[in-house]
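Below: one structure, written as structure tokens.
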There are 2 protein chains.
Amino acid sequence: MPQQVVIIGAVALGPKAACRFKRLSPDSRVVMLDRGSRISYGGCGIPYYVSGEVSEVSALQSTAFHMVRSPEFFRDVKDVEARPETEAVAIDREKKTVTTRHLPTGREETFPYDKLVIATGSTPRRLPIPGLDLPGVYAVNSLEAAEAIKAAVAGGSVGSVAIVGSGFIGLEMAVAFADMWGLDVTVIELFDQILPGVTSPTLAGMARKHMEEKGVAFRLGEQVARIEGDDKAERVVTDKGVIEADLVIVSVGVVPNSELAKAAGLAVSPRGGIVVDETMRTSDPDIFAGGDCVEVKNLVTSQPMFLPLGSMANRQGRVIGDNLAGGQSRFPGVVGSWCVKLFDLGAAGTGLTLAGAKRAGFDAVSTHITAVDRAHFYPEHGLMSLELVAERGTGRVLGLQALGVNGDAVIGKVNTVAAMLPNIPTVADVSNVEVAYSPPFAAAMDILNTVGNVADNILTGQNKGIDVTEFARLWNQDDLGDAYIIDCREETQGGPLVAKHPGRWHNIPQGQLRSRLSEVPKDKRIVLMCNTGARSYEALTTLAHMGFEQVVSVEGGMAAVAAAGIDV
Amino acid sequence: MPQQVVIIGAVALGPKAACRFKRLSPDSRVVMLDRGSRISYGGCGIPYYVSGEVSEVSALQSTAFHMVRSPEFFRDVKDVEARPETEAVAIDREKKTVTTRHLPTGREETFPYDKLVIATGSTPRRLPIPGLDLPGVYAVNSLEAAEAIKAAVAGGSVGSVAIVGSGFIGLEMAVAFADMWGLDVTVIELFDQILPGVTSPTLAGMARKHMEEKGVAFRLGEQVARIEGDDKAERVVTDKGVIEADLVIVSVGVVPNSELAKAAGLAVSPRGGIVVDETMRTSDPDIFAGGDCVEVKNLVTSQPMFLPLGSMANRQGRVIGDNLAGGQSRFPGVVGSWCVKLFDLGAAGTGLTLAGAKRAGFDAVSTHITAVDRAHFYPEHGLMSLELVAERGTGRVLGLQALGVNGDAVIGKVNTVAAMLPNIPTVADVSNVEVAYSPPFAAAMDILNTVGNVADNILTGQNKGIDVTEFARLWNQDDLGDAYIIDCREETQGGPLVAKHPGRWHNIPQGQLRSRLSEVPKDKRIVLMCNTGARSYEALTTLAHMGFEQVVSVEGGMAAVAAAGIDV
């Protein structure tokens, strides 16, 4: 039966839901409203437009076959009526109408609906600081902002940029400014690591070091107090200092646009997300919502969470399109997969970090490995670092974070675990997951299987690891205390470090350990080091067998030490 | 309690099981026997040694930290006794002993065991043809063969190579000879496609075309009758012709080495694989087996299968190591993941092909898509082709095959589905699988989600597709019969083909279709074409809504047509 469907929001979820529904129900009528003048654009592409990799902003608004997704496109190609510059001001659930205001003219109009979709998206979080409204201060949330930023940079008046916030967008913008425009870029982050909340301190440190090598400066653990300048932004003042900047990007997350839903009496969570069920219905069964404005269920914690990503909007949009047409599609929840390109590195993750798992009440442990990402004999290989988070006792896998030079390979490993997470996998499942093998693409024991194996060894107590962040804390002390470092590599590798750090560094190649046991002090805490953590683990099992109880292996070994920029 | 463990076979699974067991049970004694003079090597690396990408054969026998895995290495580093050139000739299960013969001296010896591991691997299948033993005819199954092949090629006496068999090793060898040595290479295949059994005719055709562009010749559907030559191989004679060749590689699969197990009265399947349970135990609970010599359970069909891959050996080896030490580890079965690098393409798959699914009794259908593998506005992107195999009615996903220029990305998609397959996923699970998104790595609607969506549309009848193999059959006829081809792209793309093929090719841009319906014949079978299959699907829904019943969309569109080398 033909229906009248109104969709509030025409950027990501709205168009997807509209087009899917129209394909299933061609006789129905769909009106899609949006406050903005441009609709259906890929906001995730803004950093690549600012960098110049995408030359025209219209490319972000185009289909794969180069047609601009304008109201005319939606009319002719999709048979969907799009109304830009039209704000929904009220929903009357009894009368089933939406009242709108045309922003250029102020004209009000009322649209009746059989079914309504709320896809109002999110708004950049505003810091409670002075100076946010100075010219030259931008959030990265619209094509207009993107054009203004690019115009400023291309105009040549910008030499330095300060970026507040080191989440995905902040870092992508940092890359865009530094890599393509050669600007002085400083990223300011309140937490003491970049990508807080989504990756571990160790992986974040590796990514930060790589970005520093590419010229980006970081100010971690600093709180922005204000942005100053005479008639435009000139500097950012933090609790610890001043960063001069011609341009300031503030990217500290987004908040869901749920006021309209709340005013209509729909259930909205305390954190501001519209509440929906697995069919993406709100508390009113004739009203759906999805995308940045809703809360979704985290399938690892079973708790609601907010996950504002374009990919979510697309997947949820299809489910809504189905269900508008009377279908039974479900969106059971999310595991929280993400990825980001940081110069030559790909970083990605899914599920919980160790800190996130602990916050969620899990008795969790994480395992770090750094190893080559394909057969070691294959000439083109790079390092990849993986961190698997698992629950003690059950061995349940809670998350995986990763980093490496082959971004597609990094994301492939994360996606593999992301696909498993809804089924409550254990580390044994990761040990056995049947990833494809060929020397140019993987090792015979895939790095993903390996991190499962190492996690298993950690959980059973067969291996005892410390990560390089913990190693750095130890190493940077003047006095190592009762710690006794043994390098298990051959003398060609371990010897020079013994000479450089007499008394602090010791070298017993793993193959000689059984015959040189007398050199290992019984009253010290032994810290074993090798290239990647494999030989130090082997040495640990030997020492454990010989009755040494205080022995740990440095996870990821010297490869991780180097990647983290720890000076040994 | 310390045990005496004997392991027959020291190449892949044997060493893995030995080392894992020794780490768990350091006081136990492990003896590892092997017929060969060199042990613990990565046979999968042979094509890369022959190509020269791996310069020394010893690299295939080395650890990641450049130590050669010699008997001395196993003794010193692993505390495992390795006995090369020592053939196990009999197992006495009552006395629990293995009798061996030292091949250079003929000396016999008897080893008692508490637990035994059979890791005897496989042997290249021998074709029943004359000429196999001529000099210059090689199987690719040992480092000795690898050295002989490379010596022949490097010696400059080889100008042309014939390769019998187009499985993984045959094709990898073809790449090695053609890419790195510039030799004339002809691959002869009994089936009418390359990679028979593991991928679809369409994807195989795309891979073949790419290899042909790189200079490799193919003779498909030809049966080798004999290899001829005076005192060395000079030519391969098939049922259809003669291929001159200075060197012949025969790579037509392997057969499990299960004679020893059979002679000892262990259960061996009719196809020759040793039968093991989920703990990798044979019919004798004190005897384990794994790697190329066993049958494993296919988790998609629940039937036993033979999957001789180095990655299997590694994963199974760890399970055996655990269980030797009294553990409870399990290897539940396999889904059949594979990948191969073919010049600039990566190809991969998991689960069943359409043909394999039908053979296994499934009412199966496959969905082909060809699309860009990341955000289309991101400048560096390539095409990827995916083929999802699903069961009608239930929507159960049975397999995925893939091909593309970003090999790591291709393998990542396949691994993601491989991880899901043991849990009996549906196409809705693939539509919603939460792969990570960022424009440099993926599209907002990931190509994997998209193939799930398209498969869903095919299964529900919302979309009706033909793949490019079927399109080629149609197009290559002189008379198109009742088929009427409509190109749904804009006139700039469709127009030139209308001019080139008057009467055979028609162009109605999708956005104009509703207003030009009168041009669409009611009495013909409409075949819709666009760039990738998205607009033609959209056009199909429009036509279906307007009452046209005989309409199909070409899956993957012109992108797939071009990749398959179909001349339009």
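The values are calculated or read from the model by the stated rules, or taken from the named source; none is laboratory data. Fair warning: this is a prediction, and the values are worked out from it, not measured in the lab. Cβ: placed from backbone, ideal geometry, glycine included. Neighbour counts: every protein chain shown. Just so you know, the surface numbers come from the protein's heavy atoms only, side chains and all, with ligands and any DNA or RNA stripped out. Shrake-Rupley method; radii C 1.70, N 1.55, O 1.52, S 1.80 Å.
Things to note:
- Hey, A:G327 buried (at least 24 other Cβ atoms within 10 Å of the Cβ), at negative phi and not basic (K, R) or not: no
- Subset of the range A:62-73 (residues that are open to solvent by less than 30 Å² (accessible area, probe 1.4 Å) and either farther than 27 Å from A:T99 by Cα or in contact with a Cys (Cβ under 8 Å, 6 or more places away or on another chain) (or both)): A:S62, A:T63
- When the strands (runs of 3 or more DSSP E) confined to the range A:270-371 are screened for residues that are within 30 Å of A:T469 (Cα to Cα), those reaching at least 1 such residues are found at A:338-342, A:345-351.
- Test set (1) open to solvent by 10 Å² or more (accessible area, probe 1.4 Å); (2) not assigned by TED's automatic domain parsing to the domain that holds B:T353 - B:T426 fails condition number: (2)
- Residue within the range B:487-494 that is open to solvent by 40 Å² or more (accessible area, probe 1.4 Å), more than 22 Å from B:L513 (Cβ to Cβ), over 24 Å from the mean Cα position of the chain (by Cα) and not assigned by TED's automatic domain parsing to the domain that holds B:G356 present: no
- The range B:127-171, residues that are surrounded by fewer than 23 Cβ atoms within 10 Å (Cβ to Cβ), closer than 21 Å to B:G272 by Cβ, touching a residue at least 40 places away in the same chain (Cβ under 8 Å) and not aliphatic (A, V, I, L, M): B:N141, B:S142, B:G167, B:F168
- For the range B:497-514, a residue qualifies if it is without any contact (Cβ under 8 Å) to a residue 24 or more places away in the chain, within 14 Å of chain A (Cβ to nearest Cβ) and open to solvent by 50 Å² or more (accessible area, probe 1.4 Å), and exactly one does: B:Q512.
- Once the range A:378-418 is narrowed to residues that are assigned to a helix (DSSP H, G or I) and in contact with a Phe, Trp or Tyr (Cβ under 7 Å, 6 or more places away or on another chain), the residue that is surrounded by the most Cβ atoms within 10 Å (Cβ to Cβ) is A:I411.
- Boolean, A:V433 is within 11 Å of chain B (Cβ to nearest Cβ), free of Cβ contacts under 8 Å to residues at least 24 places away in the same chain and crowded, with 24+ Cβ neighbours inside 10 Å: yes
- Unmet requirement for A:A375, which otherwise passes all of (1) at the interface with chain B (Cβ under 10 Å from one of its Cβ atoms); (2) open to solvent by less than 10 Å² (accessible area, probe 1.4 Å); (3) among the aliphatic types (A, V, I, L, M); (4) assigned to a strand (DSSP E or B): (4)
- Test for B:F471: is it among the aromatic types (F, W, Y), in contact with a helix residue (DSSP H, G or I) (Cβ under 8 Å, 6 or more places away or on another chain) and facing chain A (nearest Cβ under 9 Å): no
- Number of positions in the range A:436-462 that are more than 8 Å from chain B (Cβ to nearest Cβ), outside any helix (DSSP H, G or I) and of a type in the set (A, V, I, L, M): 1
- A:V334 vs. criteria in contact (Cβ under 8 Å) with a residue 24 or more places away in the chain, aliphatic (A, V, I, L, M), within 11 Å of another protein chain (Cβ to nearest Cβ) and open to solvent by 10 Å² or more (accessible area, probe 1.4 Å): no
- Set side by side, the residues B:E72, B:E56 differ, and just one is over 29 Å from the mean Cα position of the chain (by Cα), in the same structural domain as B:H102 (by TED's automatic domain parsing) and farther than 26 Å from B:N257 by Cα, which is B:E72.
- Matching residues, the range A:515-568, being in a strand (DSSP E or B) and either open to solvent by 30 Å² or more (accessible area, probe 1.4 Å) or among the aromatic types (F, W, Y) (or both): A:R525
- Pair list, Cβ under 7 Å, 6 or more apart: the range A:100-120 residue at positive phi, other residue of a type in the set (G, A, S) and in a loop (DSSP other than H, G, I, E, B): none
- The single condition among (1) open to solvent by 30 Å² or more (accessible area, probe 1.4 Å); (2) in contact with a helix residue (DSSP H, G or I) (Cβ under 9 Å, 6 or more places away or on another chain); (3) within 20 Å of B:Q510 (Cα to Cα) that B:L459 does not meet is (3).
- A:P26 vs. criteria within 10 Å of another protein chain (Cβ to nearest Cβ) and surrounded by fewer than 21 Cβ atoms within 10 Å (Cβ to Cβ): yes
- Members of the range A:418-432 that are more than 16 Å from B:A313 (Cβ to Cβ) and more than 21 Å from the chain's Cα centre (by Cα): A:N423, A:I424, A:P425, A:T426, A:V427, A:A428, A:D429, A:V430
- Annotation note: of B:G170, B:G165, the sole residue that is at positive phi and either assigned by TED's automatic domain parsing to the domain that holds B:V405 or within 20 Å of the chain's Cα centre (by Cα) (or both) is B:G165.
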